[in-house]
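Take a look at the structure set out below.
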């Protein structure tokens, strides 16, 4: 951003997860609802045993990154191994339990690693076999790929090959060991192949994103809508212009211009505003501005997901909530959703 810029609505921060479920060769009449959340493995303010699984069905351990040369998970350290075992055993033992999955990649991973891995059958196979072995060895129910981001048409085509081969491998593995539940495969993706999201004039809304995937042929029951437990902050140019789209001079408070929902709620002397047009909230305190999702916007977006008969929702990240306020809002909004899914 230059000397003066424009505020971008919170909707630009959302992800959409394309879930390729492999739990059954035949389609169930009512696939299980997904209430997911990512757990940052580096989180200092929350241990796995502190996750309130009342509001979640799936928790994603973020992140693991394969070896940059072999594309396998032969780089797991003893400390990581202990963390993974604690994560899965804890979630399996919770009441109610939540399915643990591990997420591969993330924003800090080298995107060329996945581009190189997916470019050849032999390296795709090495990656897939190692991921499946890791899931079984540590008690995970599935695997998630957070590839940020495919850059070229070739990357996208290779990603398609990766998922086809990954799903086939999961199905073969399940047939060989019928006593085990089939592993899940999911992927966190932006709403379109064009990943350059720098222009605020583009269609960067929740509705546009979900509907773009559906128009491309993805079934609604394979889509899980992403919601943020964080906000983007800006330093306003003037206290007289504070709405969405107001001029800003740069990023604001927090870690590189981001704050968790819990931090936002605890802001002092801030005025909170709900914007029905963007279905998002923002808080203003002097020249400090932050846009985010609040209880009202989360409820509206879950209603939208229900109307489209999506598979569910997920949050980044569970340690960013405030006394499980957003988690509970989203979870309870699905209470009457089961009659709408799969029909």
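No value in this document is a laboratory result; all are computed from the given coordinates. Small disclaimer: the values here were computed from a predicted structure and weren't measured. Here the Cβ is made from the backbone with ideal geometry for all residues, glycine too, and neighbour counts use every protein chain on show.
Things worth noting here:
- For region 23-150, a Kirkwood hydrodynamic radius built from all Cα pairs, placed in the Stokes-Einstein relation at 20 °C and 1.002 mPa s, yields a translational diffusion coefficient of 138 µm²/s.
- Spin-label model, residue 152/residue 332: points 7 Å from Cα along the beta carbon direction are separated by 5.1 nm.
- Prolate/oblate/rounded label for region 230-292 (Cα gyration tensor, a/c 1.5): rounded
- Three-way shape label, region 232-343, alpha-carbon gyration tensor, a/c 1.5: prolate
- Sorted fewest first by neighbouring Cβ atoms within 10 angstrom, 304, 102 come out as 304, 102.
- Ranking of 279, 65, 298 by count of other Cβ atoms within 10 Å, fewest first: 65, 279, 298
- The order of 225, 214, going from fewest to most other C-beta atoms within 10 Å of their C-beta, is 214, 225.
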